[in-house]
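**Q** This is the structure I want to talk about, given as structure tokens.
The values are calculated or read from the model by the stated rules, or taken from the named source; none is laboratory data. Just so you know, these numbers come straight off a predicted model, no measurement behind them. Using ideal geometry, Cβ is built from the backbone for each residue, glycine included, and neighbour counts are taken over all protein chains shown.
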Amino acid sequence: MPDKIHLTVATVIQRDNLFLMVKETEFGRSVINQPAGHVEPGEDIIDAAIRETYEETGWHVEIKNLIGIYSSKVKVSGITYYRLAFSATAVSHDQEASIDSDIDEVVWLSEDEINNSADKLRSELVLECVKDFNQGSVFPLDLFRNRL
């Protein structure tokens, strides 16, 4: 049963009215997502969000708040995803970073471009996270009690 549950993190990063996004290929189809990925065993959740953002985009970020905890189930595989979405600030970009091979392109998109690409989003959670971020739905990071 544990292989059917995946804990993931995602970051919503806005700069100059654009959101940092990634394009990747999933099942032969180009999709758009926030920088996101799996939390590794023994890894702090906030550290996972920082790591995944850097690995997928080359951006160093500072995590500011928790936007929310989301869940979705993939009908085909039966996998349930639990996504912790964070707001973050872009601090600096590493031009020499080696981007994950799963990432086709790193892009900055406006909210309209994201909304107009609804059929190309990796999941409905992408829009939900942007919407909640824009509505100011954030929670303090002191909710997390790291004992790792």
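**Q** Out of T80, T25, T57, which single residue is surrounded by fewer than 15 Cβ atoms within 10 Å (Cβ to Cβ), closer than 30 Å to R147 by Cβ and hydroxyl-bearing (S, T, Y)?
**A** It is T80.
**Q** Oh, and also: Would you point out which residue out of D94, D132 is surrounded by 10 or more Cβ atoms within 10 Å (Cβ to Cβ), of a type in the set (D, E, K, R), over 25 Å from G28 (Cα atoms) and over 17 Å from the mean Cα position of the chain (by Cα)? Full working, then the answer.
**A** Values: D132 fails: over 17 Å from the mean Cα position of the chain (by Cα).
Going through D94, D132 in turn, just one is surrounded by 10 or more Cβ atoms within 10 Å (Cβ to Cβ), of a type in the set (D, E, K, R), over 25 Å from G28 (Cα atoms) and over 17 Å from the mean Cα position of the chain (by Cα): D94.
**Q** Here's a follow-up. Condition first: within 16 Å of H60 (Cβ to Cβ) and of a type in the set (A, V, I, L, M, F, W, C). Now tell me which residues in segment 74-107 satisfy that.
**A** F86, A88, A90, V91, A97, I99, V106
**Q** If you take the residues in segment 109-129 that are surrounded by fewer than 16 Cβ atoms within 10 Å (Cβ to Cβ) and among the hydrophobic types (A, V, I, L, M, F, W, C), which one is nearest to T8 (Cα to Cα)? Spell out the reasoning first.
**A** Going residue by residue through segment 109-129, those that are surrounded by fewer than 16 Cβ atoms within 10 Å (Cβ to Cβ) are 110, 112-113, 115-116, 118-120, 124, 127.
Going one step further and asking which of them are among the hydrophobic types (A, V, I, L, M, F, W, C), we end up with 118, 127.
On the way: A118: 21, L127: 16 Å.
Per the criteria, the residue is L127.
**Q** Right, something else. For S87, all conditions in the list (1) within 13 Å of F144 (Cα to Cα); (2) polar (S, T, N, Q); (3) within 11 Å of the chain's Cα centre (by Cα) hold save one; what is the number of the exception?
**A** It fails just one condition, (1).
**Q** Pairs please, first residue from segment 118-137 and without any contact (Cβ under 8 Å) to a residue 24 or more places away in the chain, second anywhere and surrounded by 14 or more Cβ atoms within 10 Å (Cβ to Cβ) and in a helix (DSSP H, G or I), Cβ atoms under 8 Å, 6+ apart in sequence or on different chains.
**A** Listed by first residue and then by second, the contacts come to A118/L127; L127/I114; N134/E111.
**Q** Restricting to segment 138-148, what's the tally of residues that are touching a residue at least 12 places away in the same chain (Cβ under 8 Å) and assigned to a helix (DSSP H, G or I)?
**A** First, pick out the residues of segment 138-148 that are touching a residue at least 12 places away in the same chain (Cβ under 8 Å): 138-141, 143-144, 146, 148.
Okay, now just the ones that are also assigned to a helix (DSSP H, G or I), so 141, 143.
Matching residues across segment 138-148 total 2.
Table: residues versus (1) under 18 Å from D142 (Cα atoms); (2) at pLDDT below 95; (3) touching a Lys or Arg at 6+ places or on another chain (Cβ under 6 Å).
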{"site": "I50", "(1), (2), (3)": "yes, no, no"}
{"site": "T53", "(1), (2), (3)": "no, no, no"}
{"site": "E56", "(1), (2), (3)": "no, no, no"}
{"site": "K64", "(1), (2), (3)": "yes, no, no"}
{"site": "Y70", "(1), (2), (3)": "no, no, yes"}
{"site": "K75", "(1), (2), (3)": "no, yes, no"}
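**Q** Of (1) surrounded by 14 or more Cβ atoms within 10 Å (Cβ to Cβ); (2) under 15 Å from the mean Cα position of the chain (by Cα); (3) not hydrophobic (A, V, I, L, M, F, W, C), E105 satisfies all except one. Which?
**A** (1)
**Q** Going through segment 28-47 one residue at a time, which ones are within 19 Å of D3 (Cα to Cα), of a type outside the set (D, E, K, R) and surrounded by 11 or more Cβ atoms within 10 Å (Cβ to Cβ)?
**A** Residues satisfying the conditions are A36, G37, H38, V39, I45.
**Q** Quick one: which strands (runs of 3 or more DSSP E) sit completely within segment 8-76 and have at least 2 residues that are hydroxyl-bearing (S, T, Y)?
**A** 59-73
**Q** Assess whether D112 counts as being assigned to a helix (DSSP H, G or I), more than 21 Å from E26 (Cα to Cα), over 14 Å from the mean Cα position of the chain (by Cα) and modelled with pLDDT under 95.
**A** So D112 fails the test.
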